[in-house]
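Trainee: This is the structure, below, for whatever I ask next.
The values are calculated or read from the model by the stated rules, or taken from the named source; none is laboratory data. Since we're looking at a predicted model, the values are computed, not measured. Don't worry about glycine lacking a Cβ; one is built from the backbone with ideal geometry, like all the others, and counts go over all protein chains shown. Side chains included, ligands, DNA and RNA excluded: accessible areas come from the protein's heavy atoms. Shrake-Rupley method; radii C 1.70, N 1.55, O 1.52, S 1.80 Å.
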Amino acid sequence: MPAQDLPGADALILVDLQTAFVSGDNAVPNASQLLDRATDLLDRARAADAVVVHLQNDGPPGADDEIGTPGWELYLPTKPGPREHVIRKPRDDGFDATSLGKILVSAGVRSLALCGVMSEMCVHATARTALARGYHVVLPHDAHGTYDAPAVPGVSESIPAHTVSRVAAWSLGDQPDITHPAATVAFAR
């Protein structure tokens, strides 16, 4: 579908844009570009009064995103209110054991855009469930990221992060819009 024909998204879901993953020496590759795209999406979603949901992963003890540690904190500023929410999640899927589904249904959301980290884990799991629940999903190719997949001796060399992200999006099938840049995502209330 051409970018100008994309339906406006009713909601933006920012997946795990936590300090541990997008800043410092252990940030995902191209984190500054990812943050620029996410910030632009967030600004435009707020301006359109679209629903905004910040997902925050509760990592286990010792993880970079362990609850209460600096790495667990959300990187982008939030403005919680009737149309903007922060949801802590215990697992990869943002719908699993959270209020995400209820918030989206209550707001009448039918189409959502996702951005964040990790492409093949939390972004993918949340997008997959959104599709299964009948939402139109926009996953801009330049607004999610992950780390390089390490080499496995005798199986493959390491796989660059951008390839891992592309495969994760592609594996969602032909339902989501995955080939458009973040700049083309429109929001509608």
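Trainee: Could you check how many residues of segment 122-145 are part of a loop (DSSP other than H, G, I, E, B) and either among the β-branched types (Val, Ile, Thr) or open to solvent by 20 Å² or more (accessible area, probe 1.4 Å) (or both)?
Mentor: Going through segment 122-145 one residue at a time, the tally reaches 5.
Trainee: Six or more apart or on different chains, Cβ atoms under 7 Å: show the pairs whose first residue is in segment 174-189 and open to solvent by 40 Å² or more (accessible area, probe 1.4 Å) and in a loop (DSSP other than H, G, I, E, B) and whose second is aliphatic (A, V, I, L, M) and at pLDDT below 85.
Mentor: Final answer for the pair search is Ala186/Leu6.
Trainee: Kindly list the number of the only condition in (1) touching a Pro at 6+ places or on another chain (Cβ under 9 Å); (2) among the hydrophobic types (A, V, I, L, M, F, W, C); (3) open to solvent by less than 60 Å² (accessible area, probe 1.4 Å) that fails for Ala97.
Mentor: Result: Ala97 passes all but (3).
Trainee: Leu114: under 24 Å from His162 (Cα atoms), at pLDDT 95 or above and not basic (Lys, Arg), yes or no?
Mentor: Criteria met by Leu114.
Trainee: Could you tell me whether any residue of segment 6-29 is exposed (fewer than 14 other Cβ atoms within 10 Å of the Cβ), of a type in the set (D, E, K, R), part of a loop (DSSP other than H, G, I, E, B) and free of Cβ contacts under 8 Å to residues at least 24 places away in the same chain?
Mentor: Among the residues of segment 6-29, at least one is exposed (fewer than 14 other Cβ atoms within 10 Å of the Cβ), of a type in the set (D, E, K, R), part of a loop (DSSP other than H, G, I, E, B) and free of Cβ contacts under 8 Å to residues at least 24 places away in the same chain, which makes the answer yes.
Trainee: Of all residues in segment 104-121, which are closer than 22 Å to Thr179 by Cβ and either open to solvent by less than 10 Å² (accessible area, probe 1.4 Å) or not in a loop (DSSP other than H, G, I, E, B) (or both)?
Mentor: Just the residues of segment 104-121 that are closer than 22 Å to Thr179 by Cβ, to begin with: 110-121.
Result: Ser111, Leu112, Ala113, Leu114, Cys115, Gly116, Val117, Ser119, Glu120, Met121.
Trainee: Could I ask something else about it? Within segment 73-94, identify whether any single residue is in a helix (DSSP H, G or I), open to solvent by 60 Å² or more (accessible area, probe 1.4 Å) and modelled with pLDDT of 95 or more, and answer yes or no.
Mentor: Of segment 73-94, the ones in a helix (DSSP H, G or I) are none.
For segment 73-94, residues in a helix (DSSP H, G or I), open to solvent by 60 Å² or more (accessible area, probe 1.4 Å) and modelled with pLDDT of 95 or more: absent.
Trainee: Could you identify the single residue in Ala63, Ala48 that is surrounded by 15 or more Cβ atoms within 10 Å (Cβ to Cβ), at pLDDT 95 or above and among the small types (Gly, Ala, Ser)?
Mentor: Working: Ala63 fails: surrounded by 15 or more Cβ atoms within 10 Å (Cβ to Cβ).
After applying the criteria, what remains is Ala48.
Trainee: Please state which of the following conditions Ile159 fails to meet, knowing it meets all the rest: (1) without any contact (Cβ under 8 Å) to a residue 40 or more places away in the chain; (2) of a type in the set (A, V, I, L, M); (3) open to solvent by less than 40 Å² (accessible area, probe 1.4 Å).
Mentor: (3)
Trainee: Would you mind stating whether Ala168 is within 19 Å of Ile13 (Cβ to Cβ), part of a helix (DSSP H, G or I) and open to solvent by less than 20 Å² (accessible area, probe 1.4 Å)?
Mentor: Details: within 19 Å of Ile13 (Cβ to Cβ): yes; part of a helix (DSSP H, G or I): yes; open to solvent by less than 20 Å² (accessible area, probe 1.4 Å): yes.
Answer is yes for this residue.
Trainee: I'd like the full set of residues that are in contact with a helix residue (DSSP H, G or I) (Cβ under 7 Å, 6 or more places away or on another chain) and small (Gly, Ala, Ser), limited to segment 172-182. Please lay out each step first, then the result.
Mentor: Within segment 172-182, the first condition is being in contact with a helix residue (DSSP H, G or I) (Cβ under 7 Å, 6 or more places away or on another chain), and the residues that meet it are 172, 175-176, 178, 180, 182.
Scanning segment 172-182 gives a single hit, Ala182.
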